[in-house]
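Down below is the structure, laid out as structure tokens.
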Amino acid sequence: MKLDAKIPEGRLEDKWRNYQLKSQLINPANKKKLNIIVVGSGLAGAGAAATLAELGYDVKCFCYQDSARRAHSVAAQGGINAAKNYQHDGDSVYRMFHDTLKGGDFRSREANTYRLAELSSPLIDHFVQQGVPFAREYGGTLVNRSFGGVQVQRTFYARGQTGQQLLLAAYSQLYKMVKAKKVVMYPRSEMLDLVVINGKAKGIIVRDLVSGQLKRFAADAVVLATGGYSRVFRLSTLAIGCNGSALWKAHKKGAFFAAPSFTQIHPTALPQSSEAQSKLTLMSESLRNDGRIWVPQQQDDTRNANAIPDAERDYYLERKYPSFGNLAPRDIASRAAKERIDAGFGVGKLKNAVYLDFQHAIKKFGLDSIKDRYGNLFDMYHKITGIDAYQQPMMISPAAHFSMGGLWVDYELMTTIPGLYAIGECNFSDHGANRLGANSLLQASIDGYFILPNTINNYLATESKAPSYTCDHPEFEQTEREVQSHIKKILAINGSRTVDHFHRALGKIMWQECAMSRNKTGLEKAIEEIKDIKTAFWNDVKVTGASNELNTELEKALRLADFIELAQLMCKDALDREESCGAHFREEFQTHDGEALRKDDEYGYVSAWEYNDGHFKLHKEALEFEFVQPTVRSYK
Amino acid sequence: MKIIFKIWRQDSPAEEGMLKTYEVDDLTEDMSILEALDHLNELLVLRDEKVIAFEYDCREGICGQCGIFINGRAHGPHDQITTCQLHLRSFNDGDTVVIEPWRAASFPVLKDLIVDRSAFDRIIESGAYISSKTGSAPEANAILIAKEVSDTAMDAAACIGCGACVATCKNSSAALFTSAKINHLNSLPQGESEAHKRVIEMTSQMEAEGFGSCTFTGACEVECPESISIVNIAEMNARIIKAKIFG
């Protein structure tokens, strides 16, 4: 199969318009007859479901949480980027496009990245209109701040709760359409498989998480908006329920998985304190605007942070990357922290953290000003650690955060299965090998609100003439039977170890071998070890309770079974890519001063893996840079 | 560290529930209360028992999904935090900790510690939005909003929808939740044209869901993880009167 990204003709700035001009339309009377399933109710899913419903389609939206308002977009703190140039500091769509492409280390498509920047400006208009209380100047205009990897101020924010405010706006708009009877919302419902009929996505099998019953839903198109899969590391900044199952099921049904190993490790999370820990809480990157990161110059320095004089501190980001300093991109900041921690300069009980210090900022801007900017983040830090960060520096550490990888999609956001779309974090499209801060809320929203509602008609216009299927179709029966027997099989094992036991084991391997730095030996070992975990899981896991009831242990087991398989592919992808780019750092491929060594000639492509009965076949989508010449990324 | 948990077990809405005692003695004080329950659940699995069903998702205090009564208080012994932010260092070795689900007629128990809070979604559905379609927005800076106005809207908008306000209220009133949303949207110029309609429809839905009336005890704002003030309720009441006169 030849991968065709369907990039429209023309100059960069004309491509999206050219696409829209050529795209087929559907008249409003016919839209009413078409059904669309949206899986996930975060910014991408809720935005898409609401907008598709406004356009006239009948929409069914599913989420595993008890309410659409819980989706993990809610947790994004720092902000959302847009090329408004309100600060008059030289920003433009082109600059934002260039920053994003460069931030991703030239492993994303020019056309997609440009469109992301192009649509950022109307998106801010949209959210303001929906009532998002963004930060304001006294005169009433919108405020911006900086984020990593960028030298202009283009980030819009609502205190440290930007994701929450955007998600609540999307959730409100979604429920407006529920009231209008154009969306039916199915909370506490988890998609367990995709139904493909004659090569096209035609429905899903869902488990009602309260009754445990399996249900079938048919549609003319299926949209996955299921978020990231970094819970494969177990310890991550993600919500505990976040999972890769919908993606994995779609992958096994024919959707190619692109760049699965590209995972962002966030530099500013709270460090792990014990084995029992379930979550690494993120502290927003926005803190790096005013906080300074340092470790003691002396190894194993046990003095209290405030007792270490300035001259004996190593502000290593400012030292190594003077032009970006504490605002170096995430992959670089994380690796720099790991380097210092591994070299024995880490701080905290387990020596696994670095300091993020606000003393200078408090002296310079005053306590009130810092409270106004970051008050809720300092409160959160205090609630979790019991430490007052206005007095003591925060202790932070890198943690698994964002999946740049995801289902391969073309310019229309369609996967390799016709009629199956992937939007938001669950696709691979705009971020390349590293995502810039505050581009995640942006991509999720733009995919859901602006792009998908303009591309899905191009498929449905033809599809509306094809026969539609009901849930009685044999393919639905067959798929439901397979899901049923998968569940039965897990419950029947009745072994001697818990689901969490296996998840901890998997997480450790993945964190060790497939996170911030990777090498051939480690990855090969990891693949073997994960195979063993898989065998052990299927022989020895123990899940109590039944399938026909609310059973949280069964939910976890089903998700982990998929994570184990996904982990194998992630390691294979990382092993296959013999270069370093962005967050993918292969130890064998680095410059003399320890920076990533990209090999554009050999690896200037997006890897897209095809599933074939337990084996993975690599396809390559060559990345052609027509408008920007890839350069060596430097933040020094 | 040892904790003696007394936990509400109830298999389904139709069945009766009861407190069951579980002694767990290999805990550490930097565990969160939910991590302690995770640990207890692993022990239960190995003892061939069904796990305790409880709610959580983000575990960083923002999604609003977790929420249980701990020793007679919503979200535990501290003011203004979520359950997931409560750590065992708040208890003493050997303490007895009683854990129950939210108690409110409008939040029926589904299983063990899990309740159904869909009434909140229906209150939102009744009018907590600005009726403006995707694609129809004016330029963002064309709407000037004073910092104080935006800050006040944000204070109210911060609600995470956990339901602690309802659970802790002796009347099971949802006035804090509903008023926070109304004030968020009604205080902004974008929300103005539907302001009267919104306040009437949302408060009517709140009543239809069977939530009790507010008698201004102030219990809710003590437990609210986002410190949402009961001033919001007074403001909502004023808005109801205004809507009835001018709406």
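Structure notes:
- Helix A:330-340 vs. chain A, principal-axis angle (Cα, 0 to 90°, nearest 10): 50 degrees
- Degrees, to the nearest 10: B:175-186 long Cα axis against longest axis of chain B: 40 degrees
- Distant alpha-carbon pairs in the range A:503-589 (separation over 22 angstrom), percent: 35 percent
- Here the Karplus curve 6.51 cos²θ - 1.76 cosθ + 1.60, taken at θ = phi - 60°, turns the phi angles of the range A:233-242 into couplings of 7, 6, 7, 7, 7, 7, 5, 5, x, 4 Hz, with x standing for Gly and Pro.
- Tensor-based shape of the range A:268-399 (alpha-carbon gyration tensor, a/c under 1.5 rounded, otherwise prolate or oblate): rounded
- Annotation for the range B:162-247: trypsin sites (Lys or Arg not before Pro) lying in DSSP loop with at most 13 further Cβ atoms inside 10 Å of their Cβ are B:K170.
- Spatial offset of the range A:312-330 relative to the range B:209-247 amounts to 48 Å, using the alpha carbon center of each.
- Global geometry of the range B:118-246, whether rounded, prolate or oblate, following the gyration tensor of its Cα atoms and the 1.5 cut on a/c: prolate
- The lysine pair tally for the range A:538-636, using Cα distances under 28 Å and a gap of 8 or more places or different chains, is 8.
- Size-normalised alpha-carbon gyration radius of the range A:156-285, reference 2.2 N^0.38 Å: 1.27
- Placing unit charges on the Cβ atoms of the charged side chains and taking the dipole of the range B:1-125 about its Cα centre, the candidate lying farthest along the positive direction among B:L34, B:V97, B:M18 is B:M18.
- Other protein chain Cβ atoms within 10 Å, averaged over every residue that makes up B:105-118: 2
- Considering only the protein assembly as shown, percent of DSSP beta bridges that pair antiparallel, nearest 5: 70 percent
- Shielding score for A:315-328, defined as the mean number of other chain Cβ atoms within 10 Å: 0
- Euclidean distance between Cα centres, the range B:72-131 to the range A:136-194, Å: 24 Å
- When the Cα positions of A:H592, A:G604, A:L491 are compared along the charge dipole of the range A:474-612, A:L491 comes out farthest toward the positive end, with charges on each C-beta of Lys, Arg, Asp and Glu.
- Simple rule: put +1 on each Lys or Arg Cβ and -1 on each Asp or Glu Cβ in the range A:474-612, find the dipole, and look at A:G545, A:N519, A:A574; the Cα lying farthest toward the positive end is A:G545.
- A straight line joining the Cα centroids of the range A:59-100 and the range A:427-502 runs 21 Å.
- Each eigenvalue of the Cα gyration tensor of the range A:33-91, multiplied by 5 and square-rooted, gives one semi-axis; in descending order these are 30, 18, 6 Å.
- Shielding of peptide A:279-289 by partners, expressed as the average count of other chain Cβ atoms within 10 Å per residue Cβ, is 2.
- Percentage of interatomic Cα-Cα distances in the range B:136-204 larger than 14 Å: 64 percent
- Between 0 and 90 degrees, the angle of helix A:499-513 with respect to the longest Cα principal axis of chain A falls at about 60 degrees.
- Using alpha carbons only: equivalent-ellipsoid semi-axes of the protein assembly as shown, gyration tensor based, whole Å: 35, 33, 31
- Take each peptide in A:186-194, A:70-78, A:485-493, A:407-415, count the other Cβ atoms within 10 Å of every residue, and average; sorted highest first, the result is A:70-78, A:407-415, A:186-194, A:485-493.
- Summing Cβ point charges (Lys, Arg +1; Asp, Glu -1) relative to the Cα centre of chain A gives a dipole of roughly 1260 debye.
No value in this document is a laboratory result; all are computed from the given coordinates. Predicted model only: the values in this text are computed from it and were never measured. Note that we place each Cβ from the backbone using ideal geometry, even for glycine, and neighbour counts take in every protein chain shown.
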